[in-house]
Structures are given as C-alpha cells and as structure tokens.
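Participant: Structure in structure tokens, see below.
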Amino acid sequence: MDITWETATEEKFRQLLEKVPVFVRDMARARVSRKAESLAGKEGRAQVTEKDMVGAFFAETPFGFHGPMKSDMEAIGIDYTRYGHPR
C-alpha cells in the first residue's frame, strides 16, 4: 500500500525536522517518516496523520531528548497530549 502524508502533517514534520540538530537530521527524517508510515499502515490507513507523526517522533527520539522535542512541538502548535503522551 502506498502511504501518503496529510499536507498539514507533512508541513509540521518539516518544521520539526528543522529543529533537529543538522548532524542527525537525515537519520531522524528517515527513521521518523518510516515509523509514521508504519503506524498508519498498521491501522489500515493510506495516509499519515498528525497522530502518526507525533507517535513516531516519541518512538524514535531517545527519551533524554523528549523535553526539547515537546517544546518544539508546542512551538509549532502540536498538542501531543491529545495523543496520549504526557506533558
């Protein structure tokens, strides 16, 4: 199944990646996008939603970096708590 991204979700993904240190950005892009597409596929959907992207960032980002990641999400208007992630 071909997986596409919601336009708004893809834009937020780009904005978050800009905040990732440049030396790990390509790895983060690959791992998070692969995980987000996997999450959508497991639910039988052909499109990545914000929930998938947020879940992928939490799954693929080492725990020690969750604080800055949450701040970055809040800065671009993502409420990760609505998807079950703690503040």
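Participant: Do we have residue 30 as of a type outside the set (Lys, Arg) and free of Cβ contacts under 8 Å to residues at least 24 places away in the same chain here? Break it down into steps so the answer makes sense when it comes.
Facilitator: Working: of a type outside the set (Lys, Arg): yes; free of Cβ contacts under 8 Å to residues at least 24 places away in the same chain: yes.
It is true that residue 30 is of a type outside the set (Lys, Arg) and free of Cβ contacts under 8 Å to residues at least 24 places away in the same chain.
Participant: Collect the residues in the range 31-69 that are over 19 Å from residue 1 (Cβ atoms) and more than 11 Å from the chain's Cα centre (by Cα), keeping them in residue-number order.
Facilitator: Within the range 31-69, 62, 63, 64, 65, 66, 67, 68 meet the criteria.
Participant: Still on this model: Being among the aromatic types (Phe, Trp, Tyr) and exposed (fewer than 15 other Cβ atoms within 10 Å of the Cβ), is that true of even one residue in the range 52-60?
Facilitator: Looking for residues that are among the aromatic types (Phe, Trp, Tyr) and exposed (fewer than 15 other Cβ atoms within 10 Å of the Cβ), one finds none in the range 52-60, hence no.
Each reported figure results from applying straightforward, stated rules to the coordinates on display, with no laboratory input. Just so we're clear, the structure is a prediction, and the values are computed from it rather than from any experiment. Don't worry about glycine lacking a Cβ; one is built from the backbone with ideal geometry, like all the others, and counts go over all protein chains shown.
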